[in-house]
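Following: one structure in structure tokens, then a few remarks.
The values are calculated or read from the model by the stated rules, or taken from the named source; none is laboratory data. The structure displayed is predicted, hence computed values, not measured ones. FYI the Cβ positions are ideal-geometry reconstructions off the backbone, even for glycines, and counts take in every protein chain you see.
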């Protein structure tokens with residue numbers, strides 16, 4: 001069973017702080033990793049993907065991947081109330097399908 | 001189209017009824033996926049098409065679930081003899097094969113079985 005684990009939260013951070021979201025996965029053969037944001041009642045939307053060890057930055061978002069530890073994280077700098085949502089970690093284990101975690105609820109308080 | 005389009009957005013069915021959910025993917029996207037998302041959970045894979053070929057249906061929960069994509073574009077997910085446990089949001093996603101295979105999701109069809 002290929003699994004993706006996330007802390008369900010909620011993770012509460014003050015406006016302007018760094019939010020750190022974490023995800024672990026079970027299969028070392030995983031090829032690529034995704035972070036999706038999902039607002040309540042809406043569909044998931046892609047924030048970032050990463051497939052090489054290390055960091056990948058895009059604006060206020062940084063994805064970090066450590067394949068040896070089977071760990072991927074998402075950092076959100078200068079958090080805004082509009083960042084409040086559920087963040088879904090997804091792993092492509094091959095075979096063209098993504099396995100999703102249950103998501104972490106993020107609340108940014110102004 | 002500009003994005004993945006799903007219909008109906010909301011469906012209420014009595015237990016035992018059959019339902020059909022439609023997905024119109026992004027134009028030119030050959031790969032299409034169906035996911036099921038229960039309340040408070042992440043999306044769970046149901047099935048995958050490449051063009052008209054259904055290459056993976058390992059996530060379909062029972063033989064009451066059936067999906068098709070006869071012309072390699074629009075897809076229909078059919079659920080026969082609906083049960084209360086089928087209540088969920090059914091998400092359709094497509095991909096054009098970009099780096100890593102990122103999915104673009106439709107707004108989903110929320111099914112409530114009474």
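Collect the residues in the range B:35-56 that are touching a residue at least 12 places away in the same chain (Cβ under 8 Å) and more than 15 Å from residue B:71 (Cα to Cα), keeping them in residue-number order.
B:35, B:36, B:37, B:38, B:39, B:43, B:44, B:45, B:46, B:47 - these are the residues of the range B:35-56 that are touching a residue at least 12 places away in the same chain (Cβ under 8 Å) and more than 15 Å from residue B:71 (Cα to Cα).
Can you pull out the residues in the range B:23-34 that are free of Cβ contacts under 8 Å to residues at least 60 places away in the same chain and within 12 Å of chain A (Cβ to nearest Cβ)?
If the condition is that a residue be free of Cβ contacts under 8 Å to residues at least 60 places away in the same chain and within 12 Å of chain A (Cβ to nearest Cβ), then B:34 is the only one that fits.
To keep it simple, each residue is scored yes or no on (1) buried (at least 19 other Cβ atoms within 10 Å of the Cβ); (2) more than 11 Å from the chain's Cα centre (by Cα); (3) over 23 Å from residue B:6 (Cα atoms).
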{"residue": "A:31", "(1), (2), (3)": "no, yes, yes"}
{"residue": "A:40", "(1), (2), (3)": "no, yes, no"}
{"residue": "A:45", "(1), (2), (3)": "no, yes, no"}
{"residue": "A:54", "(1), (2), (3)": "no, yes, yes"}
{"residue": "A:62", "(1), (2), (3)": "no, no, yes"}
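Surrounded by 14 or more Cβ atoms within 10 Å (Cβ to Cβ) and more than 11 Å from chain A (Cβ to nearest Cβ): is that true of residue B:60 in this structure?
Yes: the conditions hold for residue B:60.
Taking the residues in the range A:73-88 that are assigned to a strand (DSSP E or B) and out of contact with any helix residue (DSSP H, G or I) (no Cβ under 8 Å at 6 or more places or on another chain) as candidates, determine which candidate is surrounded by the fewest Cβ atoms within 10 Å (Cβ to Cβ).
Ranking the candidates gives A:75 first.
Would you be able to tell me the number of residues in the range A:91-110 that are on the phi > 0 side of the Ramachandran plot, at pLDDT 95 or above and more than 7 Å from chain B (Cβ to nearest Cβ)?
Here the count works out to 0.
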